Structures are given as structure tokens and as C-alpha cells.
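Each remark here refers to the structure printed beneath this line.
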Amino acid sequence: MREGYPDDQTLLDAEFRLRLGLHVVDGIVCFRDLYDLTDWDPACPDAQQAELANGYYEVTLCSSTPPSGVLGDGQVILVYLQRVAAMLDLARQGVPTLVGS
């Protein structure tokens, strides 16, 4: 995770980009894989948690297809967090996808 926003070159180099709004409560954010839904456990593994100050964040995700050509196969996703004063006016509601439409 990185603070702030990606630089212009990082955005240009990324095949996939997504900007989200995040509201942090209780100082913990859990990063879950969509496949976690197939065998759901409400307890978030420690390795998938990050501590953040409570508040609102603008999250920018940047990624590209990994060298194998298989999405998700060791794919690197850069996560940028910028704290903001209020929740963003979101274009969509629901579970976002980084790849596809």
C-alpha cells in the first residue's frame, strides 16, 4: 500500500485502473479475494489486514496482466490510499471489478 496518488507514468503503464471510495471504521481494512465468497469465513486472515486511521479514503488500484497471461496468477496490484474529508460521490454501488466492465 502506498499513500497518495499514483504518478502519471504508473497510470499510463497500468492496463487496469480503478478508483474507489472507502470508509474505514475501527481502524482495520480487510482485503478479500472475490473467491473468498465461495467459502465465506467472516474472520479476516491477519495477512490480509491493514491498519488505517478511521475516516474516508480515495483508493486507486493499478495493475496489468501478469507475464503468464493468466489474470490472478501472481498478479501485482498497486494500492494507493489518499485520505479525504468526506465520502466520494460514487459512480456505481456494489462490488467493483478491476478487470473487465
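The values are calculated or read from the model by the stated rules, or taken from the named source; none is laboratory data. These figures come from a predicted structure and were not determined experimentally. Heads up, the Cβs are rebuilt from the backbone with ideal geometry, glycines too, and the neighbour counts pull from every protein chain shown.
Things to note:
- The residues listed here are Pro96, Pro42, Pro66; of these, the one that is over 18 Å from Met1 (Cα atoms) and loosely packed, with under 10 Cβ neighbours inside 10 Å is Pro42.
- Tyr80 falls short on exactly one of the conditions (1) touching a Cys at 6+ places or on another chain (Cβ under 9 Å); (2) of a type outside the set (A, V, I, L, M, F, W, C); (3) assigned to a loop (DSSP other than H, G, I, E, B), and that condition is (3).
- Within the stretch 78-101, residues that are more than 15 Å from Phe31 (Cβ to Cβ) have Cβ atoms under 6 Å from residues that are among the small types (Gly, Ala, Ser) and surrounded by 10 or more Cβ atoms within 10 Å (Cβ to Cβ) in these pairs: Gln82/Gly4; Arg83/Gly55; Met87/Gly21; Leu88/Gly21; Leu90/Gly21, counting only partners at least 6 apart in sequence or on another chain.
- Residue in the stretch 65-101 that is modelled with the lowest pLDDT, counting only those that are β-branched (Val, Ile, Thr) and within 17 Å of Arg17 (Cα to Cα): Val95
- Lone unmet requirement of (1) surrounded by 10 or more Cβ atoms within 10 Å (Cβ to Cβ); (2) out of contact with any Pro (no Cβ under 8 Å at 6 or more places or on another chain); (3) not in a strand (DSSP E or B) for Asp73: (2)
- Looking across the stretch 45-63 at every residue that is in contact (Cβ under 8 Å) with a residue 12 or more places away in the chain and assigned to a loop (DSSP other than H, G, I, E, B), the one that is surrounded by the most Cβ atoms within 10 Å (Cβ to Cβ) is identified as Leu52.
- Those residues of the stretch 16-36 which are within 16 Å of Leu98 (Cβ to Cβ) and either out of contact with any strand residue (DSSP E or B) (no Cβ under 9 Å at 6 or more places or on another chain) or exposed (fewer than 11 other Cβ atoms within 10 Å of the Cβ) (or both), in sequence order: Arg32, Asp33, Leu34, Tyr35, Asp36
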